[in-house]
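J.: Below is a structure I'd like to ask you about.
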Amino acid sequence: MKLILASQSASRRAMLDAAGVPYEAMAAQVDEASAKGSLLAGGTSPRDLADALAELKALKVSRMAPGALVLGSDSLVALADGSLLDKPESRNQAAEHLRRMSGATHELFSAAVIAESGQPVWRFVDRAKLHVRTLSEDFIHSYLDREWPAISGCVGCFRIEGPGVQLFSKVDGSHFTILGMPLLPVLDYCRTRGILPS
């Protein structure tokens, strides 16, 4: 049985590499913005939105790779005021995201869906709480001097495995979920399917 990661995310690939999971990576190439817009218009919750986007990616690649297990994953940050953060499109937008996150607690949802032969066969959604300390303008600018544009692909404008850890006073939840994928449940399912030894 072959596992395909429906993503080119460096963080998700690093997690699978470090865990010793054999896989191939293939970009899903889905129009996330359009899908997200239609799902939000229908009143989809942040948790279910992460799940639906992960499924969309898994199904897209699964249809091109019959016989393989395809892992799709998605993460999003729901701010304390109920709004969602997208990946920042510019350094100025990243600064604005950090200002909005400053001094509050937000939710991060990471979803994983595995599809086989064009059908979802397994899914898991996890939640973490991000307690962001009060960020000064000086900190925001010096942080972006170091981290932009590397964080342009990161919802929440941080890489917790790097300087992004400085944004937080506390985090509640799995480190892997915060990195972008609920890894331990994914590994457990891989063992049940023979991708990893049990």
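J.: For region 35-58, what are the residues that are among the basic types (Lys, Arg) and either modelled with pLDDT of 95 or more or closer than 14 Å to residue 125 by Cβ (or both)?
T.: Correct list: 47, 57.
J.: Could you figure out which of (1) of a type outside the set (D, E, K, R); (2) under 17 Å from residue 88 (Cα atoms); (3) surrounded by 19 or more Cβ atoms within 10 Å (Cβ to Cβ) isn't true of residue 150?
T.: (3)
J.: Can you name every residue in region 111-124 that is surrounded by fewer than 23 Cβ atoms within 10 Å (Cβ to Cβ) and among the β-branched types (Val, Ile, Thr)?
T.: Result: 121, single match.
J.: Since residue 173 meets every condition but one in (1) in contact (Cβ under 8 Å) with a residue 60 or more places away in the chain; (2) touching a helix residue (DSSP H, G or I) at 6+ places or on another chain (Cβ under 7 Å); (3) of a type in the set (Gly, Ala, Ser), which condition does it not meet?
T.: Of (1) in contact (Cβ under 8 Å) with a residue 60 or more places away in the chain; (2) touching a helix residue (DSSP H, G or I) at 6+ places or on another chain (Cβ under 7 Å); (3) of a type in the set (Gly, Ala, Ser), only one is false for residue 173: (2).
J.: Only one residue in 40, 49, 56, 108 is closer than 19 Å to residue 175 by Cα and in contact (Cβ under 8 Å) with a residue 24 or more places away in the chain. Which one?
T.: 108
Conditions (1) crowded, with 17+ Cβ neighbours inside 10 Å; (2) assigned to a helix (DSSP H, G or I), marked per residue:
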{"residue": "87", "(1), (2)": "yes, no"}
{"residue": "103", "(1), (2)": "no, no"}
{"residue": "109", "(1), (2)": "yes, no"}
{"residue": "126", "(1), (2)": "yes, no"}
{"residue": "129", "(1), (2)": "no, no"}
{"residue": "166", "(1), (2)": "no, yes"}
{"residue": "177", "(1), (2)": "yes, yes"}
{"residue": "184", "(1), (2)": "no, yes"}
{"residue": "190", "(1), (2)": "yes, yes"}
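J.: Give 61, 77 a once-over and let me know the one that is modelled with pLDDT of 95 or more, of a type in the set (Val, Ile, Thr), under 20 Å from residue 10 (Cβ atoms) and not in a strand (DSSP E or B).
T.: Just one listed residue meets the conditions, 61.
The values are calculated or read from the model by the stated rules, or taken from the named source; none is laboratory data. These figures come from a predicted structure and were not determined experimentally. Neighbour counts are summed over all protein chains in view; Cβ atoms, including those assigned to glycine, are modelled from backbone coordinates with ideal geometry.
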